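This report refers to the structure that appears directly beneath it.
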Amino acid sequence: KSNCLSVEPLETEYGRKRKINQSACNKDFSCVKGFCPSFVTVEGGQLKKGKSGAKAAENFPPLPNPEIPGLQTPFGILVTGIGGTGVITIGQILAMAAHLEGKGVSVLDMSGLAQKYGAVMSHVKIAARPEDLHAARLGMGDAGLVIGCDLVVSASLDALSRMGGERNTLAGTRAVINATTSPTAAFVKNPDWQLPGSDLTHDIHEACGGKNADFFPATELATALMGDAIATNMFMLGYAWQKGWVPLSVTALERSIELNGVAVEFNRQSFVWGRRAAVDLERVRRIALPAEVIPLEQHLSRNLEELVERRVQFLSAYQDAAYAKKYRNLVRHVTTIEKDKIGSSKLAEVVARYYAKLLAYKDEYEVARLYTDGAFRNKIASMFEGDYKLVYHLAPPLLARADARTGEPGKMQFGGWMLGVFKILARLKGLRGTAFDIFGRSEERRMERALIVEYEQTVTTLLDGLTQDKHALALEIASLPETIRGYGHLKAKSAAAARAKGEQLLTHYRSPPIRAAA
């Protein structure tokens, strides 16, 4: 609905989800018009700033000043990133600092259509004297330093061509690259978007020569420390300066930040945290992302046993122990048969993932449980502060009226009192699937329960005909629930497509293998 790149992919233990990049969100709320029957808006208050980082800064040792590179020849700096994140500002900070020192400087901003999240590059040239500069654009291999605020843009052909030259004052090109990836525009139309196929990190290493490139999750660190992703680029400038890769004094750079006149203290602190990261990255990482608050989704299951155990615990909370036992029994059965026939556990892992997904369909009871189990409120409290309130946007099946134009159930807004209703509803999860389940009579809920039975029957069929030759096809069939996404009419559409493809693949699976003549 919104085509907004602030709606980002989030890889979790239970598959790809969605998150809102609060720092990049333009607050036009067009995404609210999309069909999702349950979400929350936070009204009032503000994003939390990095208070833990401010306290830790007091105990950080004084930072040494690095040796500043000379300017026997003009020095080229390429700043790469995406629109709306302050890439051009970094070029302007460098230019003003050079001007304050009486050096020659030129800046050429390549912003294209200046589209938010579009590729942006800033070509900066610094020389001992203004007359030593003859062209604003960096030529092939002219970059002595690359400040790569976005991995994808930094690995583009245009950026790579500026790296690796011998005409700068350093041996090859130094690069400091933000390893936190941002989705490209392709993610808007393709929910299965992945980074481009080539190894972007390898391409940059190869272009710079040797080990001249430093990669670290700058956005994650800067956001955790400063409370806003906009701090990333200044953080990276501080990192590059502390490494001794910027031919300007810290005094000039700090004065330039001050003269810029925008969020002066915020940018100054971001610059200093970048310097600290260059001296002791692991210490900064521990301060920014303490082990006890790292989200569970960052610790993905490392083996089949752990994967199954997590889902057993989840399904026990979702319904009860008997429901989880049903899940465990099927996975154990698949594990035994596959090991005997094939000597593998890949099919068992696939079934463990997608059988649990079908079992844990998100109905009204589950929505209520997730809102009231404490994790949701803790997450909100960790992100926002001040005087704020939560507004719940719901489409209750017994109350919501269909939109006259789209035919979709209209969402209704509810205040904080709804939390009390959720607590009652969460306790009624034992009614799920019984004759007393009034929500379970809807077409969507009947479809979700039918999908579970169909998947169990499909797994039985796969095990009966499992051979080494059909193993890959069995994995493909068992993975089809991955494509069943969304809610309401969207889920019905994706389920129909998955069923059709499943029938086609099962027909092929049941057919006898074709033996080729020797």
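Tabulated data
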read-out	value
Packing-based order for 485-491, 235-241, using average beta carbon neighbours within 10 Å, highest first	235-241, 485-491
Over 24 Å [Cα-Cα, the range 118-276], rounded percent	38 percent
Taking the chain and dividing mean pair separation by its residue count, relative contact order in percent (alpha carbons under 8 Å, at least six apart)	15 percent
Summed side-chain charge close to residue 367 - residues other than residue 367 whose Cβ falls under 15 Å, Lys, Arg +1, Asp, Glu -1	+4
Carbon plus sulfur fraction of accessible area for the range 213-288, probe 1.4 Å, in percent	49 percent
Reachable aspartates and glutamates from residue 341, criterion Cα separation under 12 angstrom, eight or more residues apart if same chain	464, 469
Label corresponding to Cα extents along the principal axes in Å when calculated from the structure given, among [x] 83, 74, 48; [y] 83, 49, 41; [z] 68, 62, 50	[x]
Mean Cβ count within 10 Å, highest first, over the residues of peptides 34-40, 266-272	266-272, 34-40
Members of 189/389; 470/493; 346/501 lying beyond 24 Å, as alpha-carbon distances in this model show	189/389; 470/493
Extension reserve of the residue 132-residue 12 stretch, reckoned as 0.36 nm per residue once the Cα distance is removed	37.9 nm
Cross-link reach list, aspartates and glutamates versus residue 379, counting only Cα pairs under 19 Å and skipping chain neighbours closer than eight places	8, 11, 13, 43, 220, 228, 292, 297, 366, 387
Accessible solvent surface per residue of the range 303-388, calculated while the other protein chains remain in place, 1.4 angstrom probe, Å²	49 Å²
Spatially proximal lysines relative to residue 103 (Cα-Cα < 24 Å; intrachain offsets below 8 disregarded)	125, 243
Protection proxy ranking, peptides 421-427, 85-91, average beta carbon neighbours within 10 Å, highest first	85-91, 421-427
The range 327-341 - phi-based ³J(HN,Hα) in whole Hz, Karplus 6.51/-1.76/1.60, Gly and Pro as x	5, 4, 4, 5, 5, 4, 4, 5, 4, 5, 5, 5, 5, 5, 8
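The values are calculated or read from the model by the stated rules, or taken from the named source; none is laboratory data. Just so it is clear, the structure is predicted and the values come from calculations on it, not from any experiment. All Cβ positions, glycine included, derive from the backbone under ideal geometry; neighbour counts span all protein chains shown. Note: areas computed on protein heavy atoms with side chains; ligands, DNA, RNA excluded. Shrake-Rupley method; radii C 1.70, N 1.55, O 1.52, S 1.80 Å.
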